[in-house]
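The values are calculated or read from the model by the stated rules, or taken from the named source; none is laboratory data. What you see is a predicted model, and the numbers here were worked out from it, not measured in a lab. We place every Cβ from the backbone using ideal geometry, glycine too, and count neighbours over all the protein chains shown. To get the accessible areas, we keep the full protein, side chains included, count just its heavy atoms, and leave off ligands, DNA and RNA. Shrake-Rupley method; radii C 1.70, N 1.55, O 1.52, S 1.80 Å.
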Amino acid sequence: MTFMNHIGYILSEIGRAGRNSDGSYTRGCYSPAYFDGLDIVERQMEELGMEVSRDAAGNILGVLPGKDKKLGSIIMGSHLDTVPSGGLFDGAYGVAGGLEVIRRMKEEGKTLNHSLELYGFNGEESNPLGGTFGSRAVAGLVEPGQPGLSEALKTYGHTVLDILNCKRNLSDAKCYLELHIEQGDHLFNDEMEIGVVSGIVGIVRYKVMAVGHSNHAGTTMMQKRRDALTAMAKLIVQADAKCREIDNALVLTVGTIRCWPGSENVIPGRVECIFEMRHMDKDMTDRLIDEIRNIAAKIDTVEFEITKQIDEESVKCDEHLIKVIGRAAAELEMKHIIMPSGAGHDANPMAHCLPVGMIFVPSKDGLSHCKEEWTEEKELENGVDVLYKTIELLDEEV
């Protein structure tokens, strides 16, 4: 693909890392391709005169000092990892947009009162360490007792202590801003240029295990079977129906399934799935898992074990930042709406430490997490323009 503007050029440079032959991108947590991307971003930061550092969590940070070091930094950020065979824009656009903001300021000879910081986070997407890993490390939200954490980190050459030492005191930072593609179709369908994010949904994941009994596929009659896969299928279908009943904004996804012993001629004796649910209101996800437990109790051919894996509570974006971003969009005469995010972002853990704001630009046809993910160049520029203007307005608040 060929881009004509500078933000597109920065994105395509980052996209040289992890580009697959089919046009998709794969930069997994701590992977060689991920670090290739970090190297590209580091060179860009250094060319802009930023002070650059990395941490054990795989994050990169660039700092452009402001006039008054006593003022809190304005922090921008997003993630540089991707889902397997993902798109160019998810995550990387926020880092590229931050680089473009700084490039414009340098070009204009402008020095802000506040220091500007830009994070490229590692492990925002699902991975063995848990999603939003890099930003959770910075925010001090990595739980040292998280099951499997020590073993998973060992494969990446790190210890739990290494990651705990990535925690940063953010109490003196002014705010965190994240520029991102929407990853949904709201802006695209409504022909809106900018989404001012009001909050980020909570994400809860449960490991659901169905334990039945493996036996011969030919000699075990249907009425005597304890088929774990059939039981799991019943649970998934009924849970999906119950989710639709509870609330239109509540979503449930079962995206992984593992089956043992995994042979065509053996009745499955054990099946494991991950049930993920999202909503702004924790009561909704709590209600759904209660319903799922009730459904499971009525399926008497197997035993179900349901264990919580991840519980990222929903967060609200800062009211003042919402107003400032909206003002920036209005002053630039861009059509904008205030909307929640149905996807998780690094802004979620950062919101536990400082005020956060998010800016969305449209995703064509609402597509994301796939190679067809696309946002037009003008829309990319719109997002950078709003981010730039927002930072100007915030810097004037001294």
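Whenever you get a sec, compute what percent of the accessible area on the stretch 212-339 sits on carbon and sulfur atoms (1.4 Å probe). Working shown, then result.
Details: 3730 of 7720 Å².
Solvent-exposed carbon and sulfur of the stretch 212-339 make up 48 percent of the total.
Quick one: grab the alpha carbon gyration tensor of the stretch 61-127, order the square roots of its eigenvalues as a ≥ b ≥ c, and give me rounded if a/c is under 1.5, else prolate or oblate depending on whether a/b is larger than b/c.
Values: a/c = 4.76, a/b = 2.02, b/c = 2.35.
Oblate, because a/c is 1.5 or more while a/b does not exceed b/c.
For helix 377-395, what angle does its Cα long axis make with the longest principal axis of the chain, in degrees from 0 to 90 and rounded to 10?
On a 0 to 90 degree scale, this one is about 60.
Is the stretch 221-361 best put as rounded, prolate or oblate by its Cα gyration tensor, with a ≥ b ≥ c the root eigenvalues, rounded for a/c under 1.5, and otherwise prolate when a/b is larger than b/c, oblate when not?
On the way: a/c = 3.13, a/b = 2.93, b/c = 1.07.
It comes out prolate by the Cα gyration axes.
List the equivalent ellipsoid semi-axes of the stretch 92-136 in whole Å, largest first, each obtained as the square root of 5λ for an eigenvalue λ of the Cα gyration tensor. Each step should come with its number before you reach the end.
Details: eigenvalues 173, 24, 4 Å².
Result for the stretch 92-136: semi-axes of 29, 11, 5 Å.
Considering only protein heavy atoms and a 1.4 Å probe, what is the carbon-and-sulfur percentage of the accessible area of the stretch 60-122? Let's see the in-between values first.
Details: 840 of 1790 Å².
Accessible surface attributable to carbon and sulfur in the stretch 60-122 totals 47 percent.
In deg cm²/dmol, rounded to 500, what helix-only [θ] at 222 nm does the chain give when every DSSP H run of at least 4 residues adds -39500 (n - 2.57) and the total is split over its residues?
Details: 12 runs with 135 residues, N = 398.
That comes out to -10500 deg cm²/dmol.
How much space per residue, in cubic angstrom, does the convex hull of the C-alpha atoms of the stretch 281-398 take up?
Values: hull volume 18.5 nm³, N = 118.
In the stretch 281-398, the Cα convex hull volume per residue is 157 Å³.
With N residues in the stretch 179-236, what two-decimal value do you get for its Cα radius of gyration over 2.2 N^0.38 Å? Don't skip to the answer; put the middle values down first.
Details: Rg = 22.4 Å, N = 58, 2.2 N^0.38 = 10.3 Å.
Rounded to two decimals, the normalised Rg is 2.18.
What accessible area per residue comes out for the stretch 234-303, rounded to a whole number of Å², with a 1.4 Å probe? The partial results should precede the final answer.
On the way: 4050 Å² over 70 residues.
For the stretch 234-303, the solvent-accessible area averages 58 Å² per residue.
Where nothing but the Cβ of Lys and Arg (+1) and of Asp and Glu (-1) is charged, how large is the charge dipole of the chain around its Cα centre, in debye to the nearest 20?
Its charge dipole is roughly 1260 debye.
Kindly flag which residue pairs out of K154/K364; K174/K371; K110/K335; K67/K335; K335/K371 have an alpha-carbon separation exceeding 30 Å in this structure.
Numbers: K154/K364 40 Å; K174/K371 36 Å; K110/K335 28 Å; K67/K335 33 Å; K335/K371 27 Å.
Too far apart for the 30 Å limit: K154/K364; K174/K371; K67/K335.
If you stretched the chain out fully between E377 and D300, how much longer would it get, using 0.36 nm times the residue separation minus the C-alpha to C-alpha distance? Show your work: numbers first, answer last.
Working: separation 77, 0.36 × 77 = 27.72 nm, distance 5.52 nm.
Taking E377 through D300 to full extension adds about 22.2 nm, to one decimal.
So, in Å, what gap is there between the alpha-carbon centers of the stretch 275-315 and the stretch 87-131?
Between the Cα centre of the stretch 275-315 and that of the stretch 87-131, the gap is 35 Å.
Charges only on Cβ, +1 for Lys and Arg, -1 for Asp and Glu: so what's the dipole of the stretch 57-113 about the Cα centre, in debye to the nearest 20? Intermediate values should be presented prior to the final figure.
Working: 7 positive and 6 negative charges, 78 e Å.
Magnitude of the dipole: close to 380 debye.
Hey, can you rank 313-319, 96-102 by average C-beta count inside 10 Å, highest first?
Details: 313-319: 17.6, 96-102: 27.1.
Packing order, densest peptide first, comes out as 96-102, 313-319.
Have a look at L112, V101, A137 and report the one farthest towards the positive end of the charge dipole of the stretch 92-154, computed about the Cα centre with Cβ charges (Lys/Arg +1, Asp/Glu -1).
About the Cα centre, the residue reaching furthest to the positive side is L112.
Along the positive direction of the dipole of the chain (beta-carbon charges: Lys, Arg +1; Asp, Glu -1; about the Cα centre), which of I292, Q223, V254 reaches farthest?
Q223
Quick one: accessible area per residue over the stretch 82-229, 1.4 Å probe, rounded to a whole number of Å²?
Working: 5890 Å² over 148 residues.
That works out to 40 Å² for each residue.
Excluding same-chain residues fewer than 8 positions from K298, which lysines have a Cα within less than 22 Å of its Cα?
Reachable lysines: K207, K224, K234, K242, K308.
Using a basic spin-label model with each label point 7 Å from the Cα along Cα→Cβ, how many nm lie between H216 and K154?
The two pseudo-label positions are separated by 4.2 nm.
Please give me the summed charge of the neighbours of L61: other residues whose Cβ is under 11 Å from its Cβ, Lys and Arg +1, Asp and Glu -1.
Here the count lands on -2.
When ligands, DNA and RNA are left out and all protein chains stay put, how many square angstrom of accessible area per residue does the stretch 321-366 have with a 1.4 Å probe? Mind showing how you got there, number by number?
Details: 1680 Å² over 46 residues.
Per residue, the stretch 321-366 has an accessible area of 36 Å².
What is the mean projected area of the alpha carbon convex hull for the stretch 140-228, to one decimal in square nanometres?
On the way: hull surface 52.0 nm².
Spelled out: convex hull of the Cα atoms, projected over all directions, averaged, 13.0 nm².
Sequence gap at least 6, Cα distance under 8 Å: using those rules, report the relative contact order of the chain to the nearest whole percent.
Values: 874 pairs, mean separation 87.1, N = 398.
It comes to 22 percent, rounded to a whole number.
Expressed in nm to one decimal, what extension gain is obtained for the pair E264 and L164 from 0.36 nm per residue of sequence separation less their Cα-Cα distance? Present the calculation step by step, with values, prior to reporting the outcome.
Values: separation 100, 0.36 × 100 = 36.00 nm, distance 4.52 nm.
Difference between extended and current length: 31.5 nm.
R104: net charge of surrounding residues, Cβ under 13 Å, Lys/Arg +1, Asp/Glu -1, itself excluded?
Values: positive: R103, K106, K110, K389; negative: E100, E107, E108, E381, D385, E392.
My count for the surroundings of R104 gives -2.
Local charge sum around D346 (other residues, Cβ-Cβ under 9 Å, Lys/Arg +1, Asp/Glu -1)?
Numbers: positive: R136; negative: E124, E178.
Local net charge: -1.
Taking only the C-alpha atoms, wrap a convex hull around the chain and report its volume per residue in Å³ as a whole number. Kindly include the intermediate steps, with their values, before the conclusion.
On the way: hull volume 58.7 nm³, N = 398.
With only Cα atoms used, the chain gives 147 Å³ per residue.
Taking a label point 7 Å from the Cα of I257 along the Cα→Cβ vector, which residues of the stretch 204-237 have an amide N closer than 12 Å to it?
So the set is 228-237.
Hey, quick one: spin label on S198, modelled 7 Å out along Cα-Cβ, who in the stretch 240-280 has an amide N within reach, i.e. under 14 Å?
Zone members listed by number: 249, 280.
With a ≥ b ≥ c the root eigenvalues of the C-alpha gyration tensor of the stretch 53-187, is it rounded (a/c under 1.5), prolate (a/b larger than b/c) or oblate? Intermediate results must be reported in sequence, preceding the final value.
Details: a/c = 2.35, a/b = 1.38, b/c = 1.71.
Judged from the Cα gyration tensor, the stretch 53-187 comes out oblate (a/c at least 1.5, b/c at or above a/b).
Putting +1 on Lys and Arg Cβ atoms and -1 on Asp and Glu Cβ atoms, find which of S73, Y30, L48 reaches farthest to the positive end of the dipole of the stretch 20-146.
Result: S73.
Distance between the C-alpha centers of the stretch 240-255 and the stretch 324-398? Whole Å please.
Using only Cα atoms, the two centres lie 27 Å from each other.
Dipole size in debye (nearest 20) for the stretch 1-89 around its Cα centre, Lys and Arg Cβ +1, Asp and Glu Cβ -1?
My answer is approximately 200 debye.
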